[in-house]
Structure formats: structure tokens, C-alpha cells
1. Could you say which residue among Phe18, Phe56, Phe35 is among the aromatic types (Phe, Trp, Tyr), at pLDDT 80 or above and open to solvent by 50 Å² or more (accessible area, probe 1.4 Å)?
2. What is the one condition in (1) at pLDDT below 85; (2) over 40 Å from the mean Cα position of the chain (by Cα); (3) surrounded by 15 or more Cβ atoms within 10 Å (Cβ to Cβ); (4) not aliphatic (A, V, I, L, M) that His529 does not satisfy?
3. Restricting attention to the range 93-103, report how many residues are open to solvent by less than 60 Å² (accessible area, probe 1.4 Å) and more than 16 Å from Pro298 (Cβ to Cβ).
4. Pairs needed: first member in the range 272-299, under 13 Å from Val227 (Cα atoms); second member anywhere, open to solvent by less than 60 Å² (accessible area, probe 1.4 Å) and in a loop (DSSP other than H, G, I, E, B); C-beta distance under 7 Å; at least 6 residues apart or different chains.
5. Could you tell me how many of the residues in the range 280-308 are of a type in the set (A, V, I, L, M), in a loop (DSSP other than H, G, I, E, B) and touching a strand residue (DSSP E or B) at 6+ places or on another chain (Cβ under 8 Å)?
6. Tell me, please, whether a residue that is assigned to a helix (DSSP H, G or I), open to solvent by 70 Å² or more (accessible area, probe 1.4 Å) and touching a helix residue (DSSP H, G or I) at 6+ places or on another chain (Cβ under 6 Å) can be found in the range 433-443.
7. Take the residues in the range 73-92 that are of a type in the set (D, E, K, R) and within 51 Å of the chain's Cα centre (by Cα); name whichever of them is most open to solvent (accessible area, probe 1.4 Å).
8. How many residues are part of a strand (DSSP E or B) and closer than 30 Å to Glu233 by Cα when one looks only at the range 63-99?
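The values are calculated or read from the model by the stated rules, or taken from the named source; none is laboratory data. The structure displayed is predicted, hence computed values, not measured ones. Note that we place each Cβ from the backbone using ideal geometry, even for glycine, and neighbour counts take in every protein chain shown. Ligands, DNA and RNA are excluded from the accessible area calculation, which covers all protein heavy atoms including side chains. Shrake-Rupley method; radii C 1.70, N 1.55, O 1.52, S 1.80 Å.
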Amino acid sequence: MTARKSGEKMSRGCGMLFGIGWTAFSSIFVAVGLFAFWSGVKTRTWEEVPCKILKFEIIDVVKEDPPFKVELAYRYSVDGKSYTGTQLKAEFKGEEQYEDLAEIEDRIYGGGEGSVCWVNPDDPTDAVLFHGGGDSWFGLIFVAFGGGFVLIGLGLIFSAWREGNPKKAVTEVGDGEADGKLGGLLGCGFFGVFAAVGVGMLLGLVVPTGYRYFAVKGWVETPAEVVWSRVRESSGDDGPTYRADIFYSYQFEGRSYRSNGYSLTGGGGSSGRDGKLEIVEAHPKGKAITCYVNPKQPREALLNRSLGWWALFGLFPLPFAAIGLGGLYATFIRKEKPAGKKAKTGKSDRTPLRIDRSPPSRKGSTVGKRLLHVLGAIAIAAFWNGITSVFVWQVFKGWRDGDSPWFLTLFMLPFVAVGIGLIIHVFYRIVAVFSPIYVVEIGDDTMSPGSRTSVSWRRRGGYGSPRRLSVWLIGREEATYRRGTDTTTSTELFYEESLFETEVSQMMPAGRCRLDLPEDAVPTFAGKHNKLQWFVVLVADVPRRPDVRDEYEIVVTPQGRSRS
């Protein structure tokens, strides 16, 4: 018991440290998100001042990133003093897409916008014509994403703390309801991250792209001419990505337009440069090409209307949305069930197990269970490592190409460690399949208190020579209760008796022993939150291999109800 308590204490300490580390790391995302959010909304606290546009001209510089700039000037007055502003947005350096600036130009000259600017009250020389919205949305997403993981970390810390404080266990209805509220918040945080990612990608990216795909089918085929073309390179922690950037001019209904719209996905950004270079070389300056123009907004045009491989990406958010929404649904449904109220009486949960009166199977082995464990371990390891490998490959390419993706490398370390552990677990399960296999026969697996039967075993195969073999009769109680939104099952042995034990190798391949059920044996019970079960357990201690521990349940009925 001392070693067990020491192990439990160490486990709680490791859980606490892991939860603290998880929370601290997740807090970085929250901090970055808050900073980005404030950077995007700070100009909204500035003073609104009337202004007059003096100049607005879009220029393109093919050798710079971003290539599209604005030469801008507008005049405004503060406290009777005139100033000239040149900023379009706070910290604005240009746009990757010409269409974005063309839209602003239409809004200024066609929609009457741009007649006001926002001035920094602490520095009247600092003004912007438009608020920046992208950074604020980016910040909110990061805050929501990081906040969900922070809640998970707090839940891990709370769970480890509760395990170390037995008095805090849920024993009363009031405590269960209080923990249910806190656990509900933690569950919402965990599953909310998945739901936000899945639903956000569906509604923010997949659905709009799908809608636009059908819309562009009605766009007008129009002659165009290439102004310039290039391979655009974008650097990141996971290595550079490349995109075909083709700038062209066209006329529609007597008016000249320019655009660098390539496809619905923006030019097919990926880590392969050669394919993008082929596209650019096929569109040299001055070449006559065909584009597709939106008749309702002629400034919008594309060279390619197909989705290509991106159509498969539309399936990517579905598992995230399913896990998140399913988890949220299960969380709220579970909270609505008054499980704690029933458990308070301690009687209504324990109802006698209905006995199957058909002749039972009195022999069996666990080979099938071992194989199922192998398949389950392989499925889990393949799923986890399949997803992780995508990001590991990006890390590898980053280091191979001379970049230093430290952030992504450090971020992926715990996920890779879990993946390695899952692979090791697969091999453990495979080795366990070839451990010694025993067939166990129980004379009568439905008994009443004070009755007697026999237990026999026979080795049927497998590898390894056990150094000890024993047969046990155990009684085990399982109590299932709610801790927040999690269902926790505690297991405790209320009876344990050695029926047979030997270290003599000649007695291990086959044998027989007697099973005398105690006179005061409690009947088998199975309730919604409690179980009382009896098992015959065969244990074989095998050197250098996973030990064998096979359980066979027997049903204990009240006096007078055993099978005749």
C-alpha cells in the first residue's frame, strides 16, 4: 500500500506539472491574440475628423512584397490647424491582391467613403483613412483557440488537485452540481476548440469558396494581356511556400481594369517551386490570355475557375466539427441528466443482474481480446501519427531548406512524443498476443453463496516459460460517478482469495483446483452507477514478455436462484 500511495502521489505530481506546463504554453497564444486584437482595434478609439482626398493612386512594384502600394494624400484639420495624412490603415505596407485596393478605390470615389479619417488624440499628425480589421479578427481567433487550451490545462491541474484531496470527492448532490458547472465549462472549452476550428473553417473558408465556385460559372470570358508574372515566395516557420502571381489587364464594357486574380484558391500556394515556375513561364509579359470577369463587379477576375486538389480540403474540417459539436452536445445532455440525485440513496442504483438462463460457455481463452487490443492500438497510432506526420514533414523541410522553424519544432515535440508512445504500445500489444495462451474451464459459472465448483486450465500455445502461475477468486466493485462532465469509474477489490499458486514448471501446463464460494458472498449486481462482480483470474508471470492476466466472470446469485 505504501508503494501504491507513493506511485499515486508521483502520478498526481506529474499530472499537476503537465497541467501547469500546458496552461503556460497555451497562454502564449492568448497573449499573442490579445496583442494582435488591440493592434487592430486601437484606431477605433481615435477621433473621427472630416477630411478631403487629395490623391489615391494604386502602383505595382513587381520586385517588392507586397507588390501593390498606394500613393495617398488627404487633408484634415484639428483645433484649427491643417494636416496632411498619408496612411491608409495603421501599419499598412501594401496588399498582395490588387483587387483589395481596387475595391477601396471604388468605395472612395464611387461610394462617398473616405470623407472622414481617424486621428490619434495624442498625436494629431498620426491619422488613418480606414480601420484595420484583419488583425483584430486574427487576434480573436487566437484568443479563442488559446483560451480553450488554457481551460483544458486548468482542468488538468484541477483534476490532479482533486485526486490528492479525497475529501473533495463528489459524495453529495450539491458537490456534484457545483463540479458539474465547473466541469461543464472545462468541457465546453475542450470541445469548443474543435468546434470553433471545424465550424470556423467550414463557414469562413469552405462554404464561401464552394459558393464562389458555382458563382464563377456565370462569369464572362474576356480577353486579357499579361502585365507581368512572377513566382511569389512567402516565408514561414515551416519553410517557404510558392504561388504563381500573374498581373494582367482587360477591358469590360468599355472600361479598363487590372487584376492578379488567378484561381479560387489564390494561385495554389505550396512548397513546390518548379510547378509554379512552369505556370509563370507560360504567361510571359505581353501574352494574350483569357480571364473570367464578374459581370456584377468587373474589378473581380480569375484565370482559372477550377477547384483542383483543393476540393479535398473541404473534407478536412468535418472531423473537427463532428468531435467538437458532438462533444458539446454530449456535455449538455449529460448535465441535464439528474445522475447525482439518484446516487444519493445508494439503493436504487443496485438492481440484481438479470441472469441468462441459457447454458453458459464454461471454457474460454482471451486470444480474441488480445487481437482486438492490437487492432485498436494500431488504429489509434495510425490516426494520431498520420495527422502528426503532416506537420513533422513541414518541420523536416524547413530544416532541410536552411530555415529554422523553432516554434513549430517545439510545438510538435509533445505530439511526436505521444505518437512514439503509441507506436511502442502497438509493439507491446503484438508481443502480448504471443504470450502463453491458456484455456480455462469453470465447472459452473453461475453460483450461489456457499456453493462449490472446479476450475481447470490447459495451455494451448504461445511462447515463453512462466516462472509463476496462480489462480485467484476476486470480488470487484465499480462505482461510476460524475466529476464535472467527466464520468469517473473507481475500482476496488472487496474480496481476494488465492485458489492455486505454483512455481513448479511441470504443474503449469495443465491443472485443476477447487473453488469454494464464501457463505457470505454478496450477489452480483449491475446498476447504472454501481457494479458488484466476481471473477476467476489466471495470472502467469512471464520473464521478458507481457504477463498474462486473464479474467473470467462468474455470476453469483442470491440463495435459491442458482441455475438448476
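1. Working: Phe18 fails: at pLDDT 80 or above; Phe56 fails: open to solvent by 50 Å² or more (accessible area, probe 1.4 Å).
Result: Phe35 is the single residue among Phe18, Phe56, Phe35 that is among the aromatic types (Phe, Trp, Tyr), at pLDDT 80 or above and open to solvent by 50 Å² or more (accessible area, probe 1.4 Å).
2. (2)
3. Number of matching residues: 2.
4. Ile289/His283; Ile289/Leu303
5. The total comes to 1.
6. Among the residues of the range 433-443, not one is assigned to a helix (DSSP H, G or I), open to solvent by 70 Å² or more (accessible area, probe 1.4 Å) and touching a helix residue (DSSP H, G or I) at 6+ places or on another chain (Cβ under 6 Å), which makes the answer no.
7. Only one residue tops the list, namely Glu91.
8. Residues that pass the stated criteria total 6.
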